[in-house]
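So the structure is just underneath, and the comments pick up after that.
The values are calculated or read from the model by the stated rules, or taken from the named source; none is laboratory data. Here the structure is a predicted model, which is why all the values come from computation and not from measurement. For neighbour counting, all protein chains shown are included, and Cβ atoms are generated from backbone atoms with ideal geometry for every residue, glycine included. In case anyone asks, the SASA skips ligands and DNA or RNA and just uses the protein heavy atoms, side chains included. Shrake-Rupley method; radii C 1.70, N 1.55, O 1.52, S 1.80 Å.
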Amino acid sequence: RRGASCGNFTRFNSLRVLGLGISCLRMFRYKMSDFHTKAVLISLALLISRSIALDNGVGRTPAMGYNTWNDLGCDGVSDAKIRSVVDKMASLGLKDLGYQYVNIDDCWARERDGDGVLIPIPEAFPSGIKGVADYVHQKGFKFGLYTDRGSKTCADYPGSLGYERLDAETFAKWGVDYLKHDSCNAPTAREPAFKAFELMRNELNATGRAIYFSMCGWHPWYAAPDAALGYLGGAEVGNSWRTTYDVVDWTTLYHAVQINSKLARFASPGSWNDPDMLIGSSPGTVFHFLPHQSRTQFNLWSVMAAPLLIGSKLDEMSAYDIETYTNEDVIRVNQDPLGLQGVPVVNTCPDEDSEELNERSFQIYWKVVAQKPHEFAPGACYQVWKKDLASGDVALAIVNWDAQPRDIQFDFAADIGIPGGSASYKDLWSQQESMPQTSFRTHIPGDGHSIMLLLTPTHQEL
């Protein structure tokens, strides 16, 4: 692959080129029309991202859809369930909002046949995987499936180790559009992990079918290339890569967000940091949040340009959760074509080592699964996240991680970097709009409440 042809830059710092280009454009934006600014920003982002991203034609914006794991785990994964999910997604209008993938996670195949082909559980999938995939496609959605780079999956079902070519060919024949490739029962070191993911990437590409490739490896180092050691980064292998262990409660979500905050430079169209799937507030699911916490996750995932994969019981979703997942303004932030991942620009949270946070999440995961209490808690802090958009607007997610309510204030020029220091705003949940101003002050309740704003800088012609 060739690097971006900008002086002596290589593919390993192409995102730095993108950032430099955007900064330069902002210096001249007052002399450019909004139309030309938007066009140049999008062209620059797409040009540079192509030099480093997996070129399989999919995932140009973060994936949106549904996944069975946070809803069902291994309990009730079936053809009938997937058909009901598809029907509900259609009736809720989710397809029209961009939710296109319907993904089966673990627990769908117990064994292989004499030729090595995976056999879907007969009683759960009487028409096979192709039958349910065909139904998904008929309804206008895309179909996703799960496998593992190890000998067995995380739930002890057959993995793909040694069967990569056969499995890739099988998945393509069945009509799979998205593959989640997990990492249980497999080497955990970086070199063998990447080799295994590269092998499956190559086999998927060889089928000729465009399949979104989701690397599920649970470590922040999947994002970063290392030219000196010859390591590829996630962008050259997958369309997204898991950066953390599973998010299963509010503390593990906090850890995932803090880890992901340091990886923004590796995200671009076709290649996304993945801090795990969405968790709703439906009490009947495997994992669930308080309603306001599920909304805060949606805000943060949108600003971070993370995949939006719903893990709620769609049949039992509250009106509040439906409102959360169907907010078109917030979805537009996530799907912005510039493809930049947001970063915290006002941050009172402690700077902790990412691997230590990730290891803490791993410990919490097993305690939550065992229904045992744990002593960890999010920091008593708050953050303001900023995401630049192709339109020239700026999205902000303001999050209070503290258990106590907080008054939060920031300046548009000094803290947010708004040119000229003046902007109007729209609250993307209350729909309240403001006149141009130079700062923002708010009171946010504790325990994970948040606010989402869209700032429009006040342009003054020079």
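For the chain, build the charge dipole from Cβ charges (+1 Lys, Arg; -1 Asp, Glu) around the Cα centre, then report which of 275, 228, 155 sits farthest towards its positive end. Positive-end residue among those listed: 228.
Axis angle, to the nearest 10 degrees, between helix 164-174 and the longest C-alpha principal axis of the chain: 80 degrees. Backbone amide hydrogens, once placed in the peptide plane, bring residue 101 within less than 5 Å of 64, 65, 66, 142, excluding anything fewer than 5 places away on its chain.
Excluding ligands, DNA and RNA, the accessible surface per residue across region 249-325 is 22 Å² with a 1.4 Å probe. When the Cα positions of 183, 455, 252 are compared along the charge dipole of the chain, 455 comes out farthest toward the positive end, with charges on each C-beta of Lys, Arg, Asp and Glu.
For residue 390, the residues whose amide H sits under 5 Å from its own are 338, ignoring neighbours fewer than 5 places away on the same chain, with H placed 1.01 Å from N.
The simple spin-label model puts a point 7 Å past each Cα toward its Cβ; for residue 123 and residue 231 those points are separated by 4.5 nm. Note that region 98-114 has calculated 3J(HN,Hα) couplings of x, 6, 10, 8, 10, 10, 8, 8, 4, 6, 10, 9, 8, 7, 10, 8, x Hz, one per residue in order, obtained from phi through the Karplus relation 6.51 cos²θ - 1.76 cosθ + 1.60 (θ = phi - 60°); glycine and proline are x.
Considering only beta bridges that DSSP places wholly inside the chain, some 60 percent are antiparallel.
If you take the alpha carbon atoms of the chain and fit the smallest convex hull around them, that volume is 142 Å³ per residue.
Apolar share of the accessible surface for region 79-207: 48 percent from carbon plus sulfur atoms, 1.4 Å probe.
Peptides 445-454, 246-255, 426-435: what's the order by average Cβ count within 10 Å, highest mean first?
Numbers: 445-454: 20.1, 246-255: 23.1, 426-435: 13.2.
Packing order, densest peptide first, comes out as 246-255, 445-454, 426-435.
Using the average count of surrounding beta-carbon atoms within 10 Å as a protection proxy, the listed peptides 263-272, 410-419 rank, highest first, as 263-272, 410-419.
Computed from the C-beta positions of residue 87 and residue 130, the FRET efficiency with R₀ = 25 Å rounds to 0.85.
Projected label points at residue 166 and residue 437, each 7 Å from Cα along the beta carbon direction, are separated by 6.5 nanometres.
Within the accessible area of region 290-349, the carbon and sulfur atoms contribute 53%, probe 1.4 Å, all protein chains present.
Rounded to the nearest 0.05, the FRET efficiency derived from the C-beta distance between residue 60 and residue 407 at R0 = 41 Å is 0.55. Scoring 193-201, 99-107 by mean Cβ neighbours within 10 Å over their residues and listing the highest first yields 99-107, 193-201.
Computed 3J(HN,Hα) for region 339-355, one whole-Hz value per residue from the Karplus formula 6.51 cos²θ - 1.76 cosθ + 1.60 where θ = phi - 60°, is x, 8, 8, x, 9, x, 10, 10, 8, 9, 7, x, 8, 10, 4, 5, 5, glycine and proline marked x.
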